[in-house]
Amino acid sequence: MLTQQRNVRCIAYGLDSYVQNEFLKSNGADFSESYTYQYFSYLKKLLQVRDVEGSYSFVRLGRSHDGGYVMLDDFTNSNIAYSFGISNDVSWDLDMANKGFEVYQYDHTITKLPQNNKHFHYFHTGITGDPACENKDLKTIETILSENRHIGLNNIILKMDVEGAEWSFINHSPIAVLSQFSQMVFELHNLIDINKKDKIIPALEKLNETHQLIYIHANNNCHVFYTGDIMIPSEIE
């Protein structure tokens, strides 16, 4: 029931912005010069899905709803995965472990894993991008990779669902570090919050320097926002 109620609120929010949008269009409003429209347009450009060269297929890892991710079915030349943001779900981690990966798990908001596995390596630690914010609960990716002796190791797999901390992670991580990850799956948060534009845009621009987007979908339990002919969900995976 709680999930259904939340979905109703999300749908209503989207419809509300859609109705307002249609009303403005019917009265001759021009969205193209608006600050929000330009921001959304650039977001869409940065989040453009690109084809993968070669005969690769896709595979979904993790559970069938929130917590599962579609990935390129190419897991050769690697056996190390990092999972940031665990909460009560290790379905993705288990699928990676079943593929023979050692999964390094980080979440400072829980005290133990909901399920253990011989390939799991859990740390009561969260991720931060800014070295100045490191403390007993938060570490940068460079510190974490160094502690695990993974600095310079390539073809690592990354999963990150950290409720907005991903922007700081991306913006502060050196290109050389981001390039160590052959595949990265994110839940990206707060996309419709234009006040976070100065964090979101540089992060997406940076990701486009090292990686290409091959799959995207909206979190089905999130808000959507309409402006002109563009619809943007607040969270995407």
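Under conditions of 37 °C and 0.692 mPa s, the chain yields 171 µm² s⁻¹ as its translational diffusion coefficient, taking Rh as the Kirkwood radius over Cα pairs in the Stokes-Einstein equation. Which pairs, out of 139/196; 112/199; 99/199; 45/196, put more than 25 Å between their alpha-carbon atoms? Going by Cα-Cα distance, 112/199; 99/199 fall outside the 25 Å limit. Solvent-accessible area per residue in the stretch 91-200 equals 47 Å², computed with a 1.4 angstrom probe and all protein chains kept.
A run of the chain free of exposed loop cleavage sites, with chymotrypsin sites (Phe, Trp or Tyr not before Pro) counted only in DSSP states other than H, G, I, E and B and at most 14 other beta carbons within 10 Å, reaches its longest extent at 57-214. Determine the shape class of the stretch 177-224: with a ≥ b ≥ c the square roots of the Cα gyration tensor eigenvalues, call it rounded for a/c under 1.5, and otherwise prolate if a/b is greater than b/c, oblate otherwise. It is oblate, given that a/c is not under 1.5 and a/b is not larger than b/c. State the percentage of accessible surface on the chain attributable to carbon and sulfur atoms; use a 1.4 Å probe and exclude ligands, DNA and RNA. Roughly 49 percent, rounded to a whole number.
Compared with the direct C-alpha span, the chain from residue 64 to residue 212 gains 50.9 nm at full extension, assuming 0.36 nm per residue. In the chain, a dipole from Cβ-located charges (positive for Lys and Arg, negative for Asp and Glu) runs towards its positive end, and of 48, 105, 213 it is 105 whose Cα lies farthest in that direction.
For trypsin sites (Lys or Arg not before Pro), the sites in the stretch 133-237 that DSSP calls loop and that have at most 16 other Cβ atoms within 10 Å are 136, 149.
The values are calculated or read from the model by the stated rules, or taken from the named source; none is laboratory data. This structure is a prediction, so every number in the text was calculated from the model and none was measured. All Cβ positions, even for glycine, are placed from backbone atoms using ideal geometry, and neighbour counts span all protein chains on display. When the accessible area is computed, the model is the full protein with side chains, heavy atoms only, and any ligands, DNA or RNA have been set aside. Shrake-Rupley method; radii C 1.70, N 1.55, O 1.52, S 1.80 Å.
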